[in-house]
Amino acid sequence: MQELRFKATELLLREEWQESVQVYTQFINLCQDQISVKSHQNHPDPDLLTKLQKSLCLALSNRAEALSRLRDLTGALKDCDQALKIESTHFKSLVCKGKILLSLNRYSMALDCFKTAVLDPQASGNLETLNGYVQKCKKLEFQSRTGAFDLSDWILSGFRGKSPELAEYTGPVQIKRSELSGRGLFATKNIDAGTLLLVTKAIATERGILSSEDSCENARLVMWKNFVDKVVDSATMCERTHHLISTLSSGEDEDKLEAPEMSLFRPEAEEIGELNEKLDKVKILNVLDVNSLVEESVSAKVLGRNSDYYGVGLWVLASFINHSCNPNARRLHVGDHVLVHASRDVKAGEEITFAYFDVLSPLSKRNEMSKTWGFHCSCKRCKFEEEMCSKQEMKEIEIGLERGIDVGSAIFRLEEGMRRWMVRGRGKGYMRASFWAAYFEAYGSEKSVTRWGRRIPAVDIVVDSVAEAVGCDERVLKVFMQAFKGNGVSLVDMEKSLKLGRGVHGKVVKKQQALRSLLDFGTHDA
């Protein structure tokens, strides 16, 4: 036993994790056998039993450390708990368990471990590190409970250094049956534009810079294979991860799938028991095909990323958000977390949706894009525009723009047509969003603005209607900012731009100077 213990410790120090686990397992089995034998003797030696118990406790703690390095978090937690049953305040086991719980986003339980460990005499040499863990747990627990995130300082620093540490957070949302597709995420109360809806950490991600050469497609395939392997490894090593992935659709029998309880996704969720079903790699592949989110330069634009940046990841709770061409939410990728916030006001009971593709496009192009995603969009906007597109004049305007007619003329005809057809409210926003490229070009040209003057609507009217219909977007905000740039921005215009900015970037940017920095960034972006 002593020889095994020395060998296991040596392997641990050399960071040969798999080998150390194997040797510690042999030692632990022998130790448990010895304890069982000695305990059943008529006159057991109490000192020997105590010594064996201490050896077992330390071995379990060390094996937990090795397992956690191998990302077998379920096994590591079991070993920590077994060690702590032997000695409830075992310093090394408390620290190891605290780190594992922190990585699993169970902040309160991790905090309890670190607080207890700090009281141990062994903590004196690691006090600064342990107090750092205590403060980190407190901060993340507060974020997770309140949703009080603030990226302002990071933005003002020019996104330097590591991305901020973020907690997982579930806001006023729930999963229910959706009229759009299968299951969806719904608001449980009225929500203002910019309000944070959820923050969730990826099960796995794969990222890189893709060149524009022919090798780009091959690079994507390699990234996809690496990504699949990472997800399978995570699901194999952690039962909770396996269970979360099992709640997602694999693209079949959507109507038979139950809507999971939101408590499952909260950081302090109860630990689940062992799953009866085996890990099905084919099913995971199908799940990833349906639920993975692409993290390209548009969704990560706030980070100032390279235009060739590409990433793919699995964020389980965000996977329940369906597409709509009149979305009410946007997502922002920060590190391995995705933050989802309302891009316009949302009513209680309304489904949370975001755009899978560019919704500032005509219906015909959106239909083409939805086909590549394997569905036909039947949202309110698409149904409305299907009726409008049957009008001959609408077809003529679209054909005219394709042939290069003056954009001011096209906008004038569209606005006159909407007046005759009695298009009101959000309908106008839908139509303007579909022909956004024409509005963008017209308002960006002094010649067009001078020529058409009051015959086309003012910038702020169009911006308001588009933002109300499909949520705000960097391009919509850019047009608004540029319209007033030459003449100086009034206080009213600045307040409106800040409000639009919160629809784009969310209320996690709390300081006005940080939001203004992002607004300036948006106006410089091509």
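The values are calculated or read from the model by the stated rules, or taken from the named source; none is laboratory data. Since the structure is predicted, the reported quantities are computational estimates derived from the model, not experimental observations. No Cβ is skipped: glycine too gets one built from the backbone with ideal geometry, and neighbour counts run over all protein chains shown. These area figures cover heavy atoms from the full protein model, side chains too; ligands, DNA and RNA do not enter into them. Shrake-Rupley method; radii C 1.70, N 1.55, O 1.52, S 1.80 Å.
Things worth noting here:
- Share of carbon and sulfur in the accessible heavy-atom surface of the stretch 226-267 [1.4 Å probe, %]: 44
- Residue (of 123, 348, 425) at the positive-pole extreme of the chain, dipole from beta-carbon charges: 425
- Among 218, 241, 114 the positive-end extreme of the charge dipole of the chain (Cβ point charges): 114
- Distance between modelled label sites at residue 159 and residue 493, nm, 7 Å Cα→Cβ extension: 2.7
- Mean accessible surface per residue for the chain, computed with a 1.4 Å probe while every protein chain stays in place, in Å²: 50
- Using θ = phi - 60° in the Karplus curve 6.51 cos²θ - 1.76 cosθ + 1.60, the 3J(HN,Hα) couplings for the stretch 185-190 round to 9, 10, 6, 9, 7, 5 Hz; x is entered for Gly and Pro.
- Karplus 3J(HN,Hα) series, Hz, for the stretch 195-207 with 6.51 cos²θ - 1.76 cosθ + 1.60 (x for Gly, Pro): 5, 6, 9, 6, 10, 9, 8, 5, 5, 6, 9, 9, 9
- Rounded FRET efficiency, nearest 0.05, which uses the C-beta distance separating residue 268 from residue 392 and R0 of 60 Å: 0.50
- Protection proxy ranking for 26-34, 433-441, using the average of other Cβ atoms within 10 Å per residue and placing the highest first: 433-441, 26-34.
- Hits among lysines - C-alpha to C-alpha of residue 225 under 20 Å, sequence gap 8 or more where chains match: 281, 283
- For the stretch 167-211, the list of GluC sites (Glu not before Pro) that fall in a loop by DSSP and count at most 15 other C-beta atoms within 10 angstrom reads 179.
- Think of each Lys and Arg Cβ as +1 and each Asp and Glu Cβ as -1; about the Cα centre, that makes the dipole of the chain roughly 1520 debye.
- Restricting the stretch 332-374 to GluC sites (Glu not before Pro) that sit in a DSSP loop and have at most 16 other Cβ atoms within 10 Å of their own Cβ leaves 350.
- Tensor-based shape of the stretch 125-230 (alpha-carbon gyration tensor, a/c under 1.5 rounded, otherwise prolate or oblate): oblate
- With θ taken as phi - 60° and the Karplus curve 6.51 cos²θ - 1.76 cosθ + 1.60 applied, the whole-hertz 3J(HN,Hα) list for the stretch 170-181 is 10, x, x, 9, 8, 9, 9, 5, 10, 6, 6, 5 Hz, x standing for glycine and proline.
- In summary, the aspartates and glutamates within cross-link reach of residue 478, defined as a Cα separation below 14 angstrom excluding same-chain residues under 8 places away, comprise 441, 460, 464, 493, 520, 525.
- With all protein chains modelled, accessible area of residue 197 [1.4 Å, Å²]: 0
- The stretch 58-75 versus the stretch 119-158: alpha-carbon centroid distance in Å: 24
- Selection among 228, 401, 333 by position relative to the dipole of the chain gives 401 as farthest towards the positive end (Cβ unit charges, Cα centre).
- Only Lys, Arg (+1) and Asp, Glu (-1) charged, at Cβ; the stretch 109-253 dipole about Cα centre in debye: 400
- Sequence of 295, 252 when ordered by accessible area, the most exposed leading, probe 1.4 angstrom: 252, 295
- A DSSP coil position with no more than 16 other Cβ atoms inside 10 Å describes the following trypsin sites (Lys or Arg not before Pro) in the stretch 322-429: 347, 391, 403, 424.
- 13 Å beta-carbon shell around residue 408, net charge (K/R +1, D/E -1): 0
- Dipole moment magnitude, nearest 20 debye, the stretch 360-411 about Cα centre, only Lys, Arg, Asp, Glu C-beta charged: 280
- Pairwise FRET efficiency - residue 6 versus residue 128, Cβ, R0 = 25 Å, nearest 0.05: 0.20
- Set of lysines near residue 7 by C-alpha distance (under 26 Å), chain-local residues within fewer than 8 positions excluded: 38, 51, 54, 78, 85, 92, 97, 99
- For the peptides 180-188, 224-232, the ranking by packing is 180-188, 224-232, with the highest mean count of neighbouring Cβ atoms within 10 Å listed first.
- The relative contact order of the chain comes to 13 percent, based on Cα pairs under 8 Å that sit 6 or more residues apart.
- Stretch gain in nm, segment residue 418-residue 42, where the contour uses 0.36 nm per residue and the Cα spacing is subtracted: 125.7 nm
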